[in-house]
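The values are calculated or read from the model by the stated rules, or taken from the named source; none is laboratory data. In this text the structure is predicted, and so the values were computed from the model without any measurement. Cβ placement follows ideal geometry from the backbone for every residue including glycine, while neighbour counts extend to all protein chains displayed. To get the accessible areas, we keep the full protein, side chains included, count just its heavy atoms, and leave off ligands, DNA and RNA. Shrake-Rupley method; radii C 1.70, N 1.55, O 1.52, S 1.80 Å.
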Amino acid sequence: MVSSVSQNPNVTRTSIFYINDIHGQTKNMEKITSASKNFDSFTPSGVDKLKLSAGDTMLGHDEKLNIAANKFLNANNIMASAVGNHEFDIDNKKFLNIIKDSTCKMMGFNTKIDPEGQFNNKLVSSYIQESNGNKYGIIGLMPYDLYTRIKNKPQGLEIENEEETTKQVQAEVNKMKEQGISKIIVLSHTGYEQEKRLAQNVEGIDVIIGGHSHDLVYGVKEGENLFYSKKTGEPTIITQGGRDGSHFGILNLMFDKDGVITDVQNNVANTNDFKRNLGIQKVFDNILGDSEKIGTVASAPTMPEKVLLTENPHADFIADAMRKELKTDIAFINSANIRGAFEAGPISARDVSGITPFKNKMTIINVTEKELVDALKYTSKSVLAADGKPGLMQVSGLRYTINKKGELLDLNFTDKDGNTNKIDVNNPNIFKKYSVAVDDFCSKGRDGYGMLKKFDEPDTIRFDYDKDKITVDYIKKQTEPIIIKADGRIQIVD
């Protein structure tokens, strides 16, 4: 049984600083940089120090933001990172140009790459990392569902399915073992459930630094993130540090002379416990430019841990801004579109952009009451999904209640005069219509929102900017510091 403490001086001591799914959040990158420097300063000598990422450090279509994310990886000496789906938000050529001089190895083992294509020799499948004379085999996995998560499929790059990847990883581990590499680490942007299966189906993996599903995995618990080989009894440890850079981890390990983990400690820390690093902040300023202060936040809660499956007060504020600025009946935001949080203190336009980084285009669509109900019934089923997707619809102008079976129980519309009107979720009006402010991701019917596919309708109003501009304009009009808080507009009951 793996224990949490050991005094055996004859083992290899390893400390891994790990990150995943930062999603371009520059404020949290600045705080993680402070934590990273602490790790560099306080990790004892004689300990092998590794810094690794499970991917999705980048996000969105803003080239400068993705350049900043790559600078963050380099500045913190992150040795290697799996390539996540959000690394493909930006144009493929721009992505490859950003990473061409990166000191962080960008990894994709489970790929088939066209030798004549643009990705040839640009990604690393596996490699050997040395520290204090000790060798670690590193393998990086990209998401199996990459093509369902990105708008444009990369040319000349195919992702192997899970079954084939499992076989190939086992073969690669075997090859490393034959070369005398006994400590094996997989950087995985495939998701927690997939990582559990990998741990149980591949012999010889010691650690899986995981990501993609945004799980926050504390400590070490058998059957959850600690699995033992049925053949050898050797352990495999899985980590995940949530999403948006809200947390990071330090995994302390001890290996015996055969490269088997004998002791482990998984420390997951809250990024907000660290101050923003002024050095990397200056680097970001040079890349992104100074950002004007637009207002002040008096108070704001932290981001909900299960952000896809609960009311998000930060989304509440932005949805209210959308509805009021565009003068619509209702506003919708799909939960996954919000990637950061407001914080107490001065707020800049860049801060708002970091919270809504995808740079979609706003639309005003007209939907019937039935289509409105159908959208909320569809999104309510997210509570039954293992990954919580697509997530509950964040709203303004509506209040709704669902149960833990994913059923829509109650729905109320509040008009512009503050009058509340109950909508019959079992018999909605097929003729009554509402104007809805929503971005073109939803109004083009993506992520299963076919009932909102109104982008090409003649009465749809289209804008050339996203909700960040609307929110900035709204904040500038406020005469008092902003208070961010939930108000119970989404209720989940038994």
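Return the distance in nm (one decimal) between the two label points of a simple spin-label model at LYS422 and TYR465, each offset 7 Å from Cα along Cα→Cβ.
Taking the two extended label points, one gets 4.1 nm.
Take the Cβ-Cβ distance between PHE431 and GLU305 as r, set R0 to 35 Å, and report the resulting FRET efficiency rounded to the nearest 0.05.
E between PHE431 and GLU305, to the nearest 0.05, is 0.30.
Tell me, Kirkwood radius of the range 47-103 from alpha-carbon pair distances, in Å?
11.5
Just to be sure I understand the model, the point goes 7 Å from the Cα along the line to the Cβ. What's the resulting LYS485 to ASN134 distance in nm?
Roughly 5.0 nm, to one decimal.
Rounded to a whole number, what is D in µm²/s for the range 335-384 from Stokes-Einstein with the Kirkwood radius over alpha-carbon pairs (25 °C, 0.890 mPa s)?
178
Scaled to the compact-protein estimate 2.2 N^0.38 Å, what is the alpha-carbon radius of gyration of the chain, rounded to two decimal places? Intermediate values should be presented prior to the final figure.
Numbers: Rg = 23.5 Å, N = 494, 2.2 N^0.38 = 23.2 Å.
That works out to 1.01 for the chain.
Mind checking the angle between helix 467-476 and the chain's longest principal axis? C-alpha axes, 0 to 90 degrees, to the nearest 10.
Relative to the chain, helix 467-476 is tipped by roughly 70 degrees.
If you take the Cα atoms of the range 85-132, find Rg, then find the Kirkwood Rh from the mean of 1/r over all pairs, what is Rg/Rh?
A ratio of 0.99.
List the extent of the Cα atoms of the range 306-350 along each of their three principal axes, largest first, rounded to whole Å.
Principal axes ranked by extent give 30, 27, 14 Å for the Cα atoms.
Give the peptides 408-421, 150-163, 21-34 in descending order of average Cβ contacts within 10 Å, highest first.
Top of the packing list down: 21-34, 150-163, 408-421.
Ordering HIS189, HIS214, HIS61 by accessible area with a probe of 1.4 Å, largest first, what comes out? Each step should come with its number before you reach the end.
Numbers: HIS189 0, HIS214 35, HIS61 80 Å².
In descending accessible area the options line up as HIS61, HIS214, HIS189.
How much mean residue ellipticity at 222 nm does the chain get from its helices, if each DSSP H run of length 4 or more adds -39500 (n - 2.57) and you divide by all residues, to the nearest 500 deg cm²/dmol?
Numbers: 12 runs with 127 residues, N = 494.
-7500 deg cm²/dmol, from helical runs alone.
Could you grab the Rg to Rh ratio for the range 382-494? Cα atoms only, Kirkwood for Rh.
Rg/Rh for the range 382-494 comes to 0.97.
Rank TYR449, TYR127 by accessible area, highest first, at a 1.4 Å probe radius?
The ranking, largest first, comes out as TYR127, TYR449.
Would you please state the base-10 log of I(q)/I(0) at q = 0.18, 0.22 1/Å for the range 420-479, with intensities from the Debye formula using one equal scatterer on every alpha carbon?
For the range 420-479 at q = 0.18, 0.22 Å⁻¹, log10 I(q)/I(0) is -0.86, -1.01.
Would you mind working out the accessible area per residue for the range 47-147, using a 1.4 Å probe, and quoting it in Å²?
Dividing the accessible area of the range 47-147 by its residue count gives 36 Å².
Percent of Cα-Cα pairs more than 21 Å apart in the range 201-281, please.
37
Quick one: go through the range 234-273 and flag any residue whose amide nitrogen is under 11 Å from the point 7 Å out along the Cα-to-Cβ line of GLU203.
The answer is 234, whose backbone nitrogens lie closer than 11 Å to the label point.
Output needed: percent of Cα pairs per 10 Å distance bin for the range 1-114, bins running from 0 to the one holding the longest distance.
For the range 1-114, the pair-distance distribution reads 13, 41, 27, 14, 5, 0.
Applying 1/(1 + (r/R0)^6) with R0 = 30 Å to the Cβ-Cβ distance of ASN74 and GLU163, what FRET efficiency is obtained, to the nearest 0.05? Write out the running numbers ahead of the final one.
Numbers: r = 35 Å, r/R0 = 1.18.
The computed FRET efficiency comes out at 0.25.
Calculate the spin-label point distance for LYS257 paired with LEU384, positioning each point 7 Å from the Cα along the beta-carbon direction, and give it in nanometres.
5.7
Considering only protein heavy atoms and a probe of 1.4 Å, how much of the accessible area of the range 289-353 is carbon and sulfur, as a whole percent?
Roughly 49 percent of what the probe reaches on the range 289-353 is carbon or sulfur.
Do any trypsin sites (Lys or Arg not before Pro) in the range 67-123 lie in a DSSP loop with no more than 16 other beta carbon atoms within 10 Å, and if so, which?
Of the trypsin sites (Lys or Arg not before Pro), the ones in loops of the range 67-123 whose Cβ has at most 16 other Cβ atoms within 10 Å are LYS100.
Stretch VAL493-SER45 to full length: gain in nm at 0.36 nm per residue minus the Cα-Cα span?
156.1 nm
Rolling a 1.4 Å sphere over the protein heavy atoms, what is the accessible area per residue of the range 219-357, to the nearest Å²?
Values: 5520 Å² over 139 residues.
Value returned for the range 219-357: 40 Å² of accessible area per residue.
Find the Rg to Rh ratio for the range 352-446, where Rh is the Kirkwood radius over alpha-carbon pairs and Rg uses the same atoms. Write down the numbers at each step before the final one.
Numbers: Rg = 14.1 Å, Rh = 14.5 Å.
With Rg and the Kirkwood Rh in hand, the quotient comes to 0.97.
What is the Cα centroid distance between the range 82-134 and the range 363-404, reported in whole angstrom?
Taking the Cα centre of each part, the range 82-134 and the range 363-404 sit 37 Å apart.
Given the peptides 231-238, 452-459, arrange them by the average over their residues of other C-beta atoms within 10 Å, most packed first.
Output ranking for 231-238, 452-459: 231-238, 452-459.
Among bridges DSSP assigns within the chain, what percent are antiparallel (round to 5)?
60
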